[in-house]
1. Cα gyration tensor of the range 118-203, axes a ≥ b ≥ c as square roots of the eigenvalues: rounded (a/c below 1.5), prolate (a/b > b/c) or oblate?
2. Report, by chain and number, residues whose modeled amide H sits under 5 Å from the one on ILE122, excluding near sequence neighbours (fewer than 5 apart, same chain).
3. Compute the relative contact order of the range 53-202 as a whole-number percentage, counting only Cα pairs closer than 8 Å that sit 6 or more residues apart in sequence.
4. Cα centroid distance between the range 1-64 and the range 73-143, in Å?
5. For ALA117, what charge total do you get from the other residues with a beta carbon under 13 Å from its beta carbon, if Lys and Arg give +1 and Asp and Glu give -1?
6. Work out how much length GLN160 to ARG85 would gain on full extension: take 0.36 nm times their residue separation and subtract the Cα-Cα distance, in nm to one decimal.
7. For the chain, place one equal point scatterer on every Cα, skip the solvent, and apply the Debye formula. What is log10 of I(q)/I(0) at q = 0.10, 0.11, 0.13 Å⁻¹?
8. Identify the trypsin sites (Lys or Arg not before Pro) of the range 95-130 meeting these criteria: DSSP loop state and at most 14 other C-beta atoms within 10 Å of the C-beta.
Amino acid sequence: MTRTITSEQVPAHPDYRHLSTIAGIGIDLRYATPHNFVGRDLYSPLDCAWLHREAADAVERAAAWLAARRPGCTLLILDALRPHRVQEQLWEALAGTGLRMYLADPARGSIHSYGMAVDATIVDEAGRELDMGTGFDDMTELSHPALEREMLAAGRLTAQQAANRQLLRDAMLGAGFVGINSEWWHFDCGDREAVRAGFTRVL
(Lines give C-alpha, C1' and ligand atoms only; values in the text may rest on other atoms or scores of the structure.)
Protein backbone atom coordinates (compact mmCIF):
# COMPACT_ATOMS: atom_id res chain seq x y z
CA MET A 1 0.00 0.00 0.00
CA THR A 2 1.29 3.45 -0.92
CA ARG A 3 2.43 5.56 2.01
CA THR A 4 0.92 9.03 1.97
CA ILE A 5 1.00 12.36 3.79
CA THR A 6 -0.87 15.55 3.04
CA SER A 7 0.73 18.64 1.50
CA GLU A 8 0.03 20.47 4.74
CA GLN A 9 2.26 17.99 6.61
CA VAL A 10 5.29 18.47 4.34
CA PRO A 11 6.89 21.50 6.09
CA ALA A 12 7.21 19.59 9.36
CA HIS A 13 8.39 16.34 7.76
CA PRO A 14 12.14 15.56 7.88
CA ASP A 15 12.24 13.96 4.42
CA TYR A 16 11.58 17.22 2.56
CA ARG A 17 13.70 20.27 1.80
CA HIS A 18 12.46 23.69 0.72
CA LEU A 19 13.69 25.01 -2.63
CA SER A 20 14.75 28.25 -0.94
CA THR A 21 17.52 26.32 0.83
CA ILE A 22 19.12 25.18 -2.45
CA ALA A 23 22.03 27.36 -3.48
CA GLY A 24 22.30 28.77 -6.98
CA ILE A 25 18.82 28.21 -8.41
CA GLY A 26 15.90 30.36 -9.49
CA ILE A 27 12.30 29.41 -8.66
CA ASP A 28 9.25 30.09 -10.83
CA LEU A 29 6.65 27.44 -10.07
CA ARG A 30 4.33 27.72 -13.06
CA TYR A 31 1.39 25.91 -11.45
CA ALA A 32 1.41 28.59 -8.73
CA THR A 33 0.70 31.15 -11.48
CA PRO A 34 -1.70 31.37 -14.46
CA HIS A 35 1.27 30.61 -16.78
CA ASN A 36 0.48 26.94 -17.42
CA PHE A 37 -1.75 24.95 -19.75
CA VAL A 38 -4.74 25.18 -17.39
CA GLY A 39 -4.42 28.95 -17.16
CA ARG A 40 -4.89 29.32 -13.42
CA ASP A 41 -3.04 29.02 -10.11
CA LEU A 42 -3.42 25.41 -8.97
CA TYR A 43 -1.20 25.52 -5.88
CA SER A 44 -2.36 28.37 -3.63
CA PRO A 45 -2.71 28.38 -0.69
CA LEU A 46 -0.28 25.45 -0.56
CA ASP A 47 3.47 26.07 -0.66
CA CYS A 48 4.72 23.57 -3.24
CA ALA A 49 8.34 24.77 -3.32
CA TRP A 50 9.54 21.50 -1.78
CA LEU A 51 11.38 18.38 -2.89
CA HIS A 52 12.34 15.14 -1.23
CA ARG A 53 15.81 15.63 0.21
CA GLU A 54 17.38 13.24 -2.32
CA ALA A 55 16.00 15.23 -5.24
CA ALA A 56 16.87 18.56 -3.60
CA ASP A 57 20.47 17.44 -3.12
CA ALA A 58 20.60 16.40 -6.78
CA VAL A 59 19.26 19.81 -7.88
CA GLU A 60 22.00 21.43 -5.82
CA ARG A 61 24.61 19.32 -7.63
CA ALA A 62 23.12 20.24 -11.01
CA ALA A 63 23.13 23.95 -10.15
CA ALA A 64 26.77 23.78 -9.04
CA TRP A 65 27.75 21.94 -12.23
CA LEU A 66 26.05 24.59 -14.36
CA ALA A 67 27.60 27.49 -12.42
CA ALA A 68 31.07 26.01 -12.84
CA ARG A 69 30.77 25.37 -16.58
CA ARG A 70 28.53 28.23 -17.67
CA PRO A 71 29.10 31.18 -15.35
CA GLY A 72 26.11 33.50 -15.55
CA CYS A 73 23.67 30.70 -16.32
CA THR A 74 21.30 29.55 -13.60
CA LEU A 75 18.99 26.57 -13.20
CA LEU A 76 15.35 27.71 -13.00
CA ILE A 77 12.89 25.33 -11.31
CA LEU A 78 9.47 25.40 -12.99
CA ASP A 79 7.82 22.65 -10.93
CA ALA A 80 8.85 20.48 -8.00
CA LEU A 81 6.54 18.81 -5.48
CA ARG A 82 3.14 18.51 -7.17
CA PRO A 83 0.46 17.26 -4.77
CA HIS A 84 -1.60 14.32 -5.93
CA ARG A 85 -4.74 16.44 -5.67
CA VAL A 86 -3.27 18.81 -8.29
CA GLN A 87 -2.24 15.92 -10.54
CA GLU A 88 -5.89 14.88 -10.52
CA GLN A 89 -6.92 18.38 -11.61
CA LEU A 90 -4.42 18.35 -14.48
CA TRP A 91 -5.63 14.91 -15.56
CA GLU A 92 -9.22 16.11 -15.64
CA ALA A 93 -8.24 19.24 -17.58
CA LEU A 94 -6.97 17.02 -20.42
CA ALA A 95 -9.98 14.70 -20.54
CA GLY A 96 -10.99 14.02 -24.14
CA THR A 97 -8.06 15.96 -25.63
CA GLY A 98 -5.76 13.10 -26.66
CA LEU A 99 -2.97 14.80 -24.68
CA ARG A 100 -2.99 12.68 -21.54
CA MET A 101 0.22 11.00 -22.71
CA TYR A 102 1.94 14.07 -21.27
CA LEU A 103 0.73 13.31 -17.75
CA ALA A 104 1.05 10.41 -15.36
CA ASP A 105 -2.32 8.84 -14.64
CA PRO A 106 -3.16 9.75 -11.02
CA ALA A 107 -4.14 6.12 -10.48
CA ARG A 108 -0.45 5.26 -10.94
CA GLY A 109 0.92 8.48 -9.49
CA SER A 110 3.23 11.18 -10.80
CA ILE A 111 6.82 11.13 -9.56
CA HIS A 112 6.29 14.86 -8.89
CA SER A 113 3.84 13.82 -6.15
CA TYR A 114 6.67 12.04 -4.32
CA GLY A 115 8.90 15.12 -4.48
CA MET A 116 11.25 13.15 -6.73
CA ALA A 117 10.82 14.96 -10.07
CA VAL A 118 11.52 18.48 -11.26
CA ASP A 119 10.71 20.56 -14.30
CA ALA A 120 13.56 22.91 -15.12
CA THR A 121 15.10 25.26 -17.64
CA ILE A 122 18.10 27.62 -17.71
CA VAL A 123 18.23 31.40 -17.54
CA ASP A 124 21.11 33.64 -18.63
CA GLU A 125 22.79 36.40 -16.62
CA ALA A 126 19.96 38.79 -17.56
CA GLY A 127 17.35 36.35 -16.26
CA ARG A 128 16.12 35.41 -19.73
CA GLU A 129 15.22 31.81 -20.37
CA LEU A 130 17.45 30.10 -22.90
CA ASP A 131 15.61 29.30 -26.13
CA MET A 132 14.68 25.63 -25.95
CA GLY A 133 12.54 25.64 -29.10
CA THR A 134 9.27 25.51 -27.14
CA GLY A 135 8.01 26.86 -23.87
CA PHE A 136 7.25 24.85 -20.76
CA ASP A 137 4.17 22.62 -21.04
CA ASP A 138 4.17 22.72 -24.84
CA MET A 139 2.32 19.51 -25.69
CA THR A 140 3.63 18.95 -29.21
CA GLU A 141 6.25 16.67 -30.71
CA LEU A 142 8.63 19.65 -30.86
CA SER A 143 9.06 19.22 -27.08
CA HIS A 144 10.15 15.59 -27.41
CA PRO A 145 13.86 14.94 -26.74
CA ALA A 146 13.43 11.61 -28.57
CA LEU A 147 12.60 13.50 -31.79
CA GLU A 148 15.28 16.19 -31.66
CA ARG A 149 17.44 14.79 -34.47
CA GLU A 150 14.39 14.58 -36.69
CA MET A 151 13.33 18.13 -35.75
CA LEU A 152 16.82 19.45 -36.42
CA ALA A 153 16.93 17.77 -39.82
CA ALA A 154 13.54 19.27 -40.71
CA GLY A 155 14.61 22.75 -39.61
CA ARG A 156 12.03 22.86 -36.83
CA LEU A 157 14.72 23.08 -34.13
CA THR A 158 17.88 25.16 -34.50
CA ALA A 159 21.34 23.94 -33.54
CA GLN A 160 21.39 26.51 -30.72
CA GLN A 161 18.04 25.35 -29.33
CA ALA A 162 19.27 21.76 -29.36
CA ALA A 163 22.53 22.79 -27.70
CA ASN A 164 20.60 24.61 -24.96
CA ARG A 165 18.56 21.50 -24.28
CA GLN A 166 21.71 19.41 -24.17
CA LEU A 167 23.26 21.79 -21.64
CA LEU A 168 20.22 21.35 -19.40
CA ARG A 169 20.38 17.56 -19.79
CA ASP A 170 24.11 17.48 -19.05
CA ALA A 171 23.56 19.38 -15.82
CA MET A 172 20.61 17.27 -14.70
CA LEU A 173 21.71 13.81 -15.82
CA GLY A 174 25.16 14.33 -14.35
CA ALA A 175 23.53 15.03 -10.99
CA GLY A 176 21.57 11.78 -11.03
CA PHE A 177 18.34 12.72 -12.78
CA VAL A 178 16.76 10.78 -15.65
CA GLY A 179 15.06 12.53 -18.57
CA ILE A 180 11.97 11.41 -20.46
CA ASN A 181 11.25 11.12 -24.18
CA SER A 182 8.36 13.59 -24.41
CA GLU A 183 9.33 16.69 -22.39
CA TRP A 184 12.70 18.43 -22.53
CA TRP A 185 12.04 20.11 -19.13
CA HIS A 186 11.10 17.03 -17.05
CA PHE A 187 13.56 15.02 -14.97
CA ASP A 188 12.97 12.17 -12.51
CA CYS A 189 15.33 11.57 -9.61
CA GLY A 190 15.97 7.87 -9.98
CA ASP A 191 13.83 5.01 -11.25
CA ARG A 192 10.08 5.67 -11.34
CA GLU A 193 9.03 2.25 -10.14
CA ALA A 194 11.50 2.36 -7.26
CA VAL A 195 10.16 5.78 -6.27
CA ARG A 196 6.56 4.60 -6.37
CA ALA A 197 7.45 1.53 -4.29
CA GLY A 198 9.70 3.15 -1.72
CA PHE A 199 8.74 6.78 -1.23
CA THR A 200 5.78 8.64 0.29
CA ARG A 201 3.17 10.22 -1.96
CA VAL A 202 2.03 13.71 -1.07
CA LEU A 203 -1.72 14.21 -1.36
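1. prolate
2. LEU76, LEU130
3. That works out to 30 percent.
4. Each part reduced to its Cα centre gives a spacing of 13 Å.
5. Summing Lys and Arg as +1 and Asp and Glu as -1 gives -2.
6. 23.2 nm
7. Scattering profile of the chain, log10 relative to I(0): -0.40, -0.48, -0.68.
8. Counting only loop positions with at most 14 other Cβ atoms within 10 Å, the trypsin sites (Lys or Arg not before Pro) in the range 95-130 are ARG108, ARG128.
The values are calculated or read from the model by the stated rules, or taken from the named source; none is laboratory data. Quick caveat: nothing in here was measured; it's all calculated off a predicted structure. Note that each Cβ is placed from the backbone with ideal geometry, even for glycine, and that neighbours are counted across all protein chains shown. Protein only, heavy atoms only, side chains kept; ligands, DNA and RNA dropped before computing areas. Shrake-Rupley method; radii C 1.70, N 1.55, O 1.52, S 1.80 Å.
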